[in-house]
Structures are given as C-alpha cells and as structure tokens.
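Just below is one structure, and these are the notes that go with it.
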Number of protein chains: 2
Amino acid sequence: MILEKEIEFVLAIDALKNVSRRNFNLDNSRRENTAEHSWQVVVFAQILYPYTRNKEKIDLGRVLKMLSIHDVVEIDAGDTFLFDDKANEGKFDRELVSAKRIFGILDEPLRTEFLNLWLEFEAGETEDAIFANAVDRMIPFTLNCHNNGTSWTEANVELEKVKKMLRPKIEQASQDMADTFDVLLKKAFDEGKLK
Amino acid sequence: MILEKEIEFVLAIDALKNVSRRNFNLDNSRRENTAEHSWQVVVFAQILYPYTRNKEKIDLGRVLKMLSIHDVVEIDAGDTFLFDDKANEGKFDRELVSAKRIFGILDEPLRTEFLNLWLEFEAGETEDAIFANAVDRMIPFTLNCHNNGTSWTEANVELEKVKKMLRPKIEQASQDMADTFDVLLKKAFDEGKLK
C-alpha cells in the first residue's frame, strides 16, 4: 500500500495521547497528556513569536515542526518531571533510543529530518531551538500559575528552583517573556503555590 | 503586565482539551479530544506533504498554523460529527461567533490573521486549505480504520456516506492519499466497521 509507513507512523504516535504529564489542565480536572501539550505549545509559539529576540533569524514554520514532534520520544521514555533531578539522570540517552525507533518508522528524508529537529531542540543552541525551548518552558509554568499549581505543591517545588530551571532559557529567547515570567512567579509565590 | 492578552488567549484555549470528539483513540480506550486531534493533524500534514499535488504552491508552515487553530472554535461551538446532517445545520454560523470571541482576545495583527486562517480553512479553496482539509479528513478516518471503528458502528455510518463526505476533498489534494483511502475503506468494510 502507498503511504504504508506514513500510516504506521501516525498510528504509532497515537500513544502520545496516553502519556500523562505532571502538571494539570487549567481547570484542575486532570493531568494533561503530552499530545495536548504538544498542540498547545505549537499555538503558543505563534503568539509569542513577535516578542522574541532575533525573530528575523527564526523560521517560525520550522519551530512549529520542531515543537510538534519534540515530545514524541516520551512514548517509549515517558514524561520526565523537570524538577526531579533523579528522574532526569540518563534522560537524553533513553529518549534518543525512543527517537531512533519512532522516527525510524519513516523513510528518508523525513526520518533524519525529524531526528535532527529533535536533536536540535535538545541541544537548544540554534535560534529556532532557543525560542522553541523558551515556549516549551513557558506553557506548563503559565498553567501552573493559573490553576491550583498542584504539580508544584505536591512535589514541594521551591521558587528558587523554578527560577533556576526555567528563567535562563526563557530570558535567552525574550526579555518580554522573562518579565512576564517574573510577574507570574511572584504571584504564584504569594498564592502559596511555591515554597 | 506585558503579554497579558497572549496569556489570556493561551489559557482560554486550554478548554479545547475538554472537547470530546466522536472517534476513539487507536487503543479504543476513550474518545479523543480536539486538542489531541489538533496536534496529530499538524504532524500528519508534515508526513503527507510530499504526496500532495501542487506542493510547490503550498506553504507548509502556514498549513501547520492553520491546522493548529482550525478547531479552536469548538470550545464554544462543540465538535460536530461530520456524518450527522442535522447537527451540521448552522455549524458555520455557530463557529464564526466562537472564532470571533476567541481570536478576539488577541490584539492585531494576530486576531485577524487567525480569523482569516480559520475562514480560509473553512472555505477550502486555496492550495494551503485544500491540503489542510484533506489531512483533517484523513486522520480520523485512518484511526477508525485501525481501531474498532466505534464512532462509525454506533452511528450506523455507511460506506457510501464515508466515501462521499471524505474522498473528494482527499483526492483534490493528493492521488496517493485517495488511493490509500480506497484501500483502507475496503478493509474497514470487509471488517464490518461500515454498512
């Protein structure tokens, strides 16, 4: 059948809908899954793009591709909570194995294109990846600041840790995003969502 | 606060995670929601793009933007099952009201850009919109052909109706996609998922 590998791939990634993340949806009804997150980060990138540094050097369409597939590796490797140091040990190696299996379903050139987009996101060094990483950190933070912040409170996450883990990558992409981060972080702290 | 409207928008669209569609995930565990669908269709577009007609006239990055926001209107208007003629009456008008409210949260130029992308998708006349519509029809069809097809069987959907409602828009974008559609449709019928 024509498109056999393309169909196999899109069916394989359906499993991302079953990967549960730590943070909750805005209405606190349940934890979000990684498919939902991947959609929301793709939309958020489009509305934050005007505020980023060096936007003339950023290919927004390419950023959307990168963000849409950046978490597909969680199908095999699971979601790793950013604030759990222990869980983050060996994360890249686990995810690389997953990336090779999942993107490997496709033929060239897409197999290598997706793998390279994922590697570029992980390295976080190109203008596209710097922006993509900033948006990816901004969205769960924004949700936590506006829902009950349960993923922080249940893990006793401290303000200084959130700041250390998120702000540098956000500020690297955009001063406006970093300024907004500061306002929201203070509010979340005042509301007791962070220690 | 800087980014106030951008934050308000991304929080407003979080509700898409709670909009339930008729079709089920691949593993039949539950109906998918529209946020998940919006992510999967963005990825599927990237892997089907090489097979589309007139791809030199298609701006894939723009298609990804269009697909990522095309169902946001369902937050107010709900998901409308394609095979329910009654439910489809007045659909465009309901969704237009929703589009104006939700995209209206944003400032210009993004407010008008998103509204126009949505209108372009609905009209389905530009090369970008023809391709986007084809992918949007192909993904729930593909899932139904590989899961139990419950959204078809529970509504007694007939093969001829699926063919009539889906194939023309798919064939308009790609002969390879239409050929694959034919193979999968026959298989689904042989398996009793369609009358």
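The values are calculated or read from the model by the stated rules, or taken from the named source; none is laboratory data. Not measured: the values here are computed from a predicted model. Counting neighbours? That spans all protein chains shown, and the Cβs are built from the backbone with ideal geometry, glycine included. In case anyone asks, the SASA skips ligands and DNA or RNA and just uses the protein heavy atoms, side chains included. Shrake-Rupley method; radii C 1.70, N 1.55, O 1.52, S 1.80 Å.
What pairs can you find where one residue is in region A:55-74 and without any contact (Cβ under 8 Å) to a residue 40 or more places away in the chain, the other is of a type in the set (S, T, N, Q), and their Cβ atoms are less than 8 Å apart, with a gap of 6+ or different chains?
A:L60/A:Q46; A:L64/A:Q46; A:L64/B:S68; A:S68/A:S38; A:S68/B:Q46
Can you name the condition, by its number, that A:M1 falls short on among (1) open to solvent by 50 Å² or more (accessible area, probe 1.4 Å); (2) assigned to a helix (DSSP H, G or I); (3) out of contact with any Leu (no Cβ under 7 Å at 6 or more places or on another chain)?
Every condition holds for A:M1 apart from (2).
Got at least one residue in region B:33-52 being touching a residue at least 12 places away in the same chain (Cβ under 8 Å), more than 11 Å from every other protein chain (Cβ to nearest Cβ), under 16 Å from B:D136 (Cα atoms) and not in a helix (DSSP H, G or I)?
yes
Just give me the residues in region B:142-177 being more than 10 Å from chain A (Cβ to nearest Cβ), among the hydrophobic types (A, V, I, L, M, F, W, C) and more than 12 Å from B:F83 (Cα to Cα), in sequence order.
Just the residues of region B:142-177 that are more than 10 Å from chain A (Cβ to nearest Cβ), to begin with: B:144, B:148-173.
Then keep just the ones that are among the hydrophobic types (A, V, I, L, M, F, W, C); that gives B:152, B:155, B:157, B:159, B:162, B:165-166, B:170, B:173.
Correct list: B:I170, B:A173.
With the structure loaded, tell me whether B:E56 is surrounded by fewer than 16 Cβ atoms within 10 Å (Cβ to Cβ), closer than 19 Å to B:E171 by Cα and more than 9 Å from chain A (Cβ to nearest Cβ) or whether it fails that test.
Working: surrounded by fewer than 16 Cβ atoms within 10 Å (Cβ to Cβ): yes; closer than 19 Å to B:E171 by Cα: yes; more than 9 Å from chain A (Cβ to nearest Cβ): yes.
Answer is yes for this residue.
Select from region B:1-17 the residues that are without any contact (Cβ under 8 Å) to a residue 60 or more places away in the chain and within 7 Å of chain A (Cβ to nearest Cβ) and list them in ascending order.
Start the filter on region B:1-17 by keeping residues that are without any contact (Cβ under 8 Å) to a residue 60 or more places away in the chain, which leaves B:1-4, B:7, B:10-11, B:14, B:16-17.
Result: B:M1, B:I2, B:L3, B:I7, B:V10, B:L11, B:D14, B:K17.
Within region B:78-86, can one find any residue that is at the interface with chain A (Cβ under 7 Å from one of its Cβ atoms) and within 27 Å of B:P168 (Cβ to Cβ)? Quick ask: steps written out before the conclusion?
Applying the first criterion (at the interface with chain A (Cβ under 7 Å from one of its Cβ atoms)) to region B:78-86 yields none.
No, the conditions are met nowhere in region B:78-86.
Just to be sure, is B:N88 of a type in the set (S, T, N, Q) and surrounded by fewer than 15 Cβ atoms within 10 Å (Cβ to Cβ)? Outline the logic, then answer.
Working: of a type in the set (S, T, N, Q): yes; surrounded by fewer than 15 Cβ atoms within 10 Å (Cβ to Cβ): yes.
Yes; evaluated as a whole, the condition is true for this residue.
Select from region B:17-32 the residues that are open to solvent by 20 Å² or more (accessible area, probe 1.4 Å) and in a strand (DSSP E or B) and list them in ascending order.
Selection gives B:S20, B:R21, B:R22, B:F24, B:R31.
Step by step: first the residues of region A:145-178, then only those that are surrounded by fewer than 16 Cβ atoms within 10 Å (Cβ to Cβ) and of a type in the set (D, E), then the one that is farthest from A:R30 (Cα to Cα). Which residue is that?
So the residue we want is A:E160.
Can you pull out the residues in region A:61-75 that are within 16 Å of A:E125 (Cα to Cα) and part of a helix (DSSP H, G or I)? Outline the logic, then answer.
In the first step, residues of region A:61-75 are kept if they are within 16 Å of A:E125 (Cα to Cα); the result is A:62-63, A:66-67, A:70.
Correct list: A:R62, A:V63, A:M66, A:L67.
For A:L67, are the conditions met, namely being at the interface with another protein chain (Cβ under 7 Å from one of its Cβ atoms) and open to solvent by less than 60 Å² (accessible area, probe 1.4 Å)? Write out each step before concluding.
Numbers: at the interface with another protein chain (Cβ under 7 Å from one of its Cβ atoms): no; open to solvent by less than 60 Å² (accessible area, probe 1.4 Å): yes.
For A:L67, the condition - at the interface with another protein chain (Cβ under 7 Å from one of its Cβ atoms) and open to solvent by less than 60 Å² (accessible area, probe 1.4 Å) - is not met.
With respect to the numbered conditions (1) open to solvent by 10 Å² or more (accessible area, probe 1.4 Å); (2) under 28 Å from B:L185 (Cα atoms); (3) within 10 Å of chain B (Cβ to nearest Cβ), which one is the sole condition not fulfilled by A:G104?
(3)
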